[in-house]
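> One structure follows; several queries about it will come next.
Since every read-out is calculated from the coordinates, none of them should be taken as a lab result. Fair warning: this is a prediction, and the values are worked out from it, not measured in the lab. Here the Cβ is made from the backbone with ideal geometry for all residues, glycine too, and neighbour counts use every protein chain on show.
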Amino acid sequence: MAHRLRIPHRFCKLQKRVPEPFIATATLGRQQHQFRLSTTAIPQRQEATTPIKQKTEFGSLPLSWPHKGWDDKVVQEVVPSHRKPRTRSDRIAWRVIRICRWGMDILTGMPPEPKAGSKKRSVTASKPMNEAQWLVRFVFLETVAGIPGAVAGGLRHLHSIRRFKLDQGWIKTLLEESYNERMHLLTFYCMYNPGRLMRFMVFATQGIFYNTMFIGYLLSPSFCHRFVGYLEDEAVATYTKCLGEMDKGHLPQWTDPNFKIPDIAVKYWNMPQHRRTMRDLILYIRADEASHRGVNHTMGNLDQASDPNPFIEENSGVSHMHLAATKPAGLERDEVLEKYTR
Ligand SMILES: [Fe+2]
Ligand SMILES: [Fe+2]
């Protein structure tokens, strides 16, 4: 039988200010307890029709890697996918990602769902989350997503210096990926202000994940790229689920015609005047994730020491992000060597 703690009346208001995703329910023996995991205030409904805060310093932020923008057709055609594991290493990478997703779903209040590739997997959640819950999830995930590209690019840079060799064009794409993830994070940060506990969790996760990736990439870069490829499979599925919830009317603050997306997003993606809704923003970010998915599954297929990066634009002749977004399982090695070797 559920056990309810008696809360003095004066604490009730404080409790309401805590965002739902950070109230986790745990069952200890026969008793069920709720733990508050954040000190961040819930965005109020009337405030959420405009971004909660606009970081004015972002308005003049110089863009190191300006985004090339997205074609409507590419953006609309992105779909969740799952590259079937082919090797033992692939299966381990996928299982680790599934465990991480399971933990993240519990923490952020997303109902568990069937694994990728399952026919049961739907595009909408069985229990809709609100805007604040989605923002918590997005902010946390983007702080993680910005790490692998920086680690891989940094290590390949060191390798190049140490061995007095060029790097087959991989470094730029990897660092650009981490920059792109950082822009996702800064965009969501304009709409959600993390509390102290959230900031601590980001700090702790960053310390663990950065060092794990660093060692992992030294031991097996192809495993790490496959791991990130599966991470991006999940990212595409998550953003698709969010779009599905918007279309079903579960996120009224974001579908309100008066909702204004952050200026940094308009500037970074060079969003045209008629494409500046929250739905457009999520579509653009999902397309970016689809691009990372294609890049990392491809890199997981390649010989790490000698194969060229097919996403160097001089090689492919098209925007590398557009090419990668249309290749959910990545390019096969034979295809890369045949088409993109200069
Ligand atoms: Fe991202
Ligand atoms: Fe990504």
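> Assuming ALA290 fulfils every condition listed in (1) over 13 Å from the mean Cα position of the chain (by Cα); (2) under 28 Å from GLY154 (Cβ atoms); (3) among the small types (Gly, Ala, Ser) apart from one, which condition is it?
Unmet condition: (1).
> For the stretch 61-90, give me the residue count where each residue is exposed (fewer than 11 other Cβ atoms within 10 Å of the Cβ) and either small (Gly, Ala, Ser) or more than 14 Å from THR326 (Cβ to Cβ) (or both).
Result for the stretch 61-90: 5.
> Among the helices (runs of 4 or more DSSP H) lying completely within the stretch 198-304, list those that include at least 1 residues that are away from ligand 1 (no atom under 16 Å from the Cβ), among the aromatic types (Phe, Trp, Tyr) and closer than 18 Å to SER89 by Cα.
Once the helices (runs of 4 or more DSSP H) in the stretch 198-304 are filtered for at least 1 residues that are away from ligand 1 (no atom under 16 Å from the Cβ), among the aromatic types (Phe, Trp, Tyr) and closer than 18 Å to SER89 by Cα, what remains is 221-247.
> Would you mind telling me which numbered condition in (1) hydroxyl-bearing (Ser, Thr, Tyr); (2) under 14 Å from the mean Cα position of the chain (by Cα); (3) surrounded by fewer than 24 Cβ atoms within 10 Å (Cβ to Cβ) TYR230 fails?
(3) is the only condition that TYR230 fails.
> Could I ask something else about it? May I ask you to list the residues in the stretch 79-100 that are among the hydrophobic types (A, V, I, L, M, F, W, C) and closer than 11 Å to GLU234 by Cβ?
Scanning the stretch 79-100 gives TRP94, ILE97, CYS100.
> Return the residues of the stretch 215-272 that are of a type in the set (D, E, K, R), more than 30 Å from PRO62 (Cβ to Cβ) and within 16 Å of ligand 2 (Cβ to nearest atom); say none if nothing qualifies.
ARG226, ASP233, GLU234, LYS241
> Do we have any residue at all in the stretch 235-258 that's without any contact (Cβ under 8 Å) to a residue 40 or more places away in the chain, touching a helix residue (DSSP H, G or I) at 6+ places or on another chain (Cβ under 8 Å) and polar (S, T, N, Q)?
Checking the stretch 235-258: at least one residue is without any contact (Cβ under 8 Å) to a residue 40 or more places away in the chain, touching a helix residue (DSSP H, G or I) at 6+ places or on another chain (Cβ under 8 Å) and polar (S, T, N, Q).
> In the stretch 161-187, what count of residues is obtained for those that are more than 15 Å from ligand 1 (Cβ to nearest atom), more than 15 Å from PRO66 (Cα to Cα) and either touching a residue at least 40 places away in the same chain (Cβ under 8 Å) or basic (Lys, Arg) (or both)?
Result for the stretch 161-187: 6.
> Can you spot a residue in the stretch 160-174 that is of a type outside the set (Lys, Arg), more than 23 Å from PRO310 (Cβ to Cβ), within 16 Å of ligand 2 (Cβ to nearest atom) and assigned to a helix (DSSP H, G or I)?
no
> Additional query: So, in the stretch 125-150, of the ones that are in a helix (DSSP H, G or I) and of a type in the set (Gly, Ala, Ser), which residue ends up nearest to GLY103 (Cα to Cα)?
ALA145
> Okay, moving on. Does LEU197 qualify as being touching a strand residue (DSSP E or B) at 6+ places or on another chain (Cβ under 9 Å) and farther than 30 Å from ALA305 by Cβ?
Yes; evaluated as a whole, the condition is true for this residue.
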